[in-house]
Amino acid sequence: MRRTVIAGNWKMNMTPAQTKSFITELAPMVAGQDKCDIVLCVPYVDIATAVEAAKGTNIHIGAENVHFAESGAYTGEISAKMLCEIGTEYVIVGHSERRQYFGETDATVNLRTKAALAAGLKVILCLGEVKDERLAGITNEVVSMQTKLDLAGISAEELKNVIIAYEPVWAIGTGLTATPEQADETCGVIRETVAALYGRDAAEEITIQYGGSMNDANAAELLAQPNIDGGLIGGASLVAKKFTAIVDAAQ
């Protein structure tokens, strides 16, 4: 069976002190939930605090980005080795905000994915169409192309440590959400693309999350879809009760 993964993406929110307080509140609320993996992807400055606060719990800690070089003259960037050394398990790569605001391309997303996997991190690989592409009726072509480009050169064995997060970009931070049927259809296209690249078994095993404004109100309906195996949660991951409700829905 595919593993369900509920991952919070805090974006540029929470100080280290707030991080410790949040995880202290959240941990007993999700204790014993074993039907899904629970991940918090937090700002770089919060990772060490989050790792310490999450010790002995079922909460895993991830980063929000990673650079593709091991070291070098890349001011402001963080390497996979650095993340691993402070206890990071997961990393988000290719989030729509990184693509939109910071010039990420499928080529750099691919390089970052390779670097993260080589270091032993689990990758949450984000992809999805913008509004104009959805309106033009080319969503399927866009997500299929992104899947192929972002996974180029990644082996079937490495793919076991990749989660794909489908983000309809027009639904990120807008309050809009794809209908469950739309989301499932597009996740199905991604799964078929993975099948063409790696075979049916790999496609059936890979976790595909929905990452377009999933929250405590719509999670159950979205997670009930056959091709949606979890969520990459934005705003709702900053409120312990709301995030717990999504974890409960995944159960």
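The values are calculated or read from the model by the stated rules, or taken from the named source; none is laboratory data. What you are looking at is a predicted structure, and each value in this text was computed from that prediction instead of being measured. Here the Cβ positions follow ideal geometry from the backbone for every residue, glycine too, while neighbour counts run over all protein chains shown. Each accessible area value is taken on the protein alone, full model and side chains, heavy atoms only, with ligands, DNA and RNA left out. Shrake-Rupley method; radii C 1.70, N 1.55, O 1.52, S 1.80 Å.
Observations, loosely collected:
- Net charge of the neighbourhood of V239, taken over other residues with C-beta under 12 Å away and scored Lys/Arg +1, Asp/Glu -1, is 0.
- Taking 0.36 nm per residue of separation and subtracting the current Cα-Cα distance, fully stretching the chain between Y74 and T174 would add 32.8 nm.
- Whole-number Å³ per residue for the convex hull built on Cα positions in region 161-203: 81
- Magnitude of the charge dipole for the chain, about its Cα centre and with charges confined to Cβ atoms of Lys, Arg (+1) and Asp, Glu (-1), is about 400 debye.
- Rolling a 1.4 Å probe over the protein heavy atoms of region 133-251, with every protein chain left in place, gives an accessible area that is 52 percent carbon and sulfur.
- Hull volume in cubic angstrom per residue (convex hull over the Cα atoms of region 89-149): 77
- Sites listed here are trypsin sites (Lys or Arg not before Pro) in region 57-100 whose DSSP assignment is loop and whose Cβ has at most 15 other Cβ atoms within 10 Å, and the list is empty.
- Computed extension length for A217-E85: 43.8 nm, one decimal, from 0.36 nm per residue of separation with the Cα-Cα distance subtracted.
- Here is how the number arises for the chain: DSSP H runs of 4 or more residues each give -39500 (n - 2.57), the sum is divided by the residue count, and the result at 222 nm is -12500 deg cm²/dmol.
- Plainly put, region 16-158 has a radius of gyration that is 1.01 times its Kirkwood radius, both from alpha-carbon atoms, as the Rg/Rh ratio.
- Once the 1.4 Å probe is applied to the protein heavy atoms, the chain comes out at 44 Å² accessible per residue.
- Checking [x] 128; [y] 114; [z] 148 against the coordinates, the calculated volume of the Cα convex hull per residue in Å³ falls under label [y].
- Each part gets one Cα centre, and for region 209-227 versus region 11-26 those centres are 24 Å apart.
- Isotropically averaged projected area of region 119-245, using the convex hull of Cα atoms (one quarter of hull area), nm²: 7.9
- Most fluctuating residue given options P16, P28, P168, as computed from a GNM of the chain linking Cα atoms under 10 Å: P28
- Remark: the Q251-E157 segment gains 31.1 nm on full extension, using 0.36 nm per residue and subtracting the alpha carbon distance.
- Taking L117, L135, L223 as the candidate residues, the one with maximal mean-square fluctuation in a Gaussian network model of the chain, Cα springs under 10 Å, is L135.
- A quarter of the convex hull surface defined by the alpha-carbon atoms of region 17-79 gives 5.1 nm² as the mean projection.
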